[in-house]
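Worksheet: one structure, shown below.
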Amino acid sequence: MQPFADALKLLAKELVYVDQMVSGLSQILPAVTLSCGLANYAVLPLGQMVVLLDTPLQLVVTLALIGLALHGILYMAWGAGNSFSFLGSIRTVAQLVSYELPLTTVLFVASLQANSFHYSSLWLFSSAWPLLTALLPLVPIFLISALAETARTPFDLPEAESELVAGFITELSAAPFVLFFLAEYSSLAFLSLVASIILVGGALATLNAAFLVLLAV
């Protein structure tokens with residue numbers, strides 16, 4: 001419950017803007033980044049055939065939204081008017097883009113095995129033949145890339161507390177600050193669910209595997 005308590009505490013705090021900051025960007029871009037993270041859940045199946053946004057390119061939509069969220073980080077740091085924030089955003093984007101490549105490769109290999117970009121098809125295929133076994137050499141690559149994509153330890157360099165104070169979020173406070181962290185945690189839960197659907201499959205196995213992956217992260 002601590003992340004929820006922190007979020008409520010920060011939402012109740014006063015917004016503080018430095019003189020050189022473009023205040024409009026600090027209000028819009030954190031919400032855009034969080035919206036991209038939450039929009040991913042629209043293509044995630046709630047059951048094997050139950051989904052909010054049913055499109056044959058669900059996996060491609062996921063990758064597009066993940067890439068789109070990076071723009072909010074980069075432009076937010078630019079609008080902060082702080083060189084350290086901008087440097088931190090470059091480090092963040094460089095890390096996320098670098099690890100999106102192996103993450104995308106593993107997801108595309110799984111889709112080639114199932115011959116579909118549809119999560120329900122991947123789910124059904126993985127239920128019959130768990131891709132965790134078929135793609136075992138790629139599982140560590142996926143988990144490492146997922147850790148880096150969500151900036152978990154030891155890939156928490158974007159904040160760079162020793163030399164950049166807090167990276168791209170140095171000048172943020174209150175609601176904009178917490179929106180970026182909520183986007184990060186939503187991506188963490190989403191990638192865990194994707195891993196459970198693609199690598200394990202099955203209705204009960206999905207919930208169990210998602211919980212186990214979250215614990216591991």
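The values are calculated or read from the model by the stated rules, or taken from the named source; none is laboratory data. Not measured: the values here are computed from a predicted model. When we count neighbours, we look across all protein chains shown, and the Cβ atoms used for this are built from the backbone with ideal geometry, even at glycine.
Values for this structure:
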quantity	calculated
Tyr41 vs. criteria of a type in the set (Phe, Trp, Tyr), buried (at least 20 other Cβ atoms within 10 Å of the Cβ) and touching a helix residue (DSSP H, G or I) at 6+ places or on another chain (Cβ under 8 Å)	no
Leu25 vs. criteria surrounded by 16 or more Cβ atoms within 10 Å (Cβ to Cβ), on the phi < 0 side of the Ramachandran plot and under 13 Å from the mean Cα position of the chain (by Cα)	no
Yes/no for Pro130 being over 18 Å from Leu65 (Cβ atoms) and either of a type in the set (D, E, K, R) or at pLDDT below 80 (or both)	yes
Criterion (over 14 Å from the mean Cα position of the chain (by Cα) and at pLDDT below 85) met by exactly one of Gly72, Gly79	Gly79
Positions within region 79-89 being free of Cβ contacts under 8 Å to residues at least 60 places away in the same chain and crowded, with 17+ Cβ neighbours inside 10 Å, in sequence order	Gly79
Filtered residues of region 86-111 (kept if among the hydroxyl-bearing types (Ser, Thr, Tyr) and closer than 11 Å to Leu70 by Cα)	Ser89, Thr92
Residue pairs meeting the criteria (Cβ under 8 Å; at least 6 apart or on separate chains; first assigned to a helix (DSSP H, G or I), in region 133-146; second small (Gly, Ala, Ser) and surrounded by fewer than 18 Cβ atoms within 10 Å (Cβ to Cβ))	Leu143/Ala216
Qualifying residue in region 94-103 (condition: within 30 Å of Val18 (Cβ to Cβ), surrounded by 14 or more Cβ atoms within 10 Å (Cβ to Cβ) and not polar (S, T, N, Q))	yes
Matching residues, region 73-91, being of a type in the set (Gly, Ala, Ser) and assigned to a helix (DSSP H, G or I)	Ala77, Gly79, Ser83, Ser85, Gly88, Ser89
Residue within region 45-59 that is surrounded by fewer than 17 Cβ atoms within 10 Å (Cβ to Cβ), at pLDDT below 85 and assigned to a helix (DSSP H, G or I) present	no
Qualifying residue in region 148-166 (condition: surrounded by 17 or more Cβ atoms within 10 Å (Cβ to Cβ), in a helix (DSSP H, G or I), modelled with pLDDT of 80 or more and not acidic (Asp, Glu))	yes
Single unsatisfied condition, Phe86 versus (1) within 20 Å of Ala175 (Cβ to Cβ); (2) modelled with pLDDT under 80	(1)
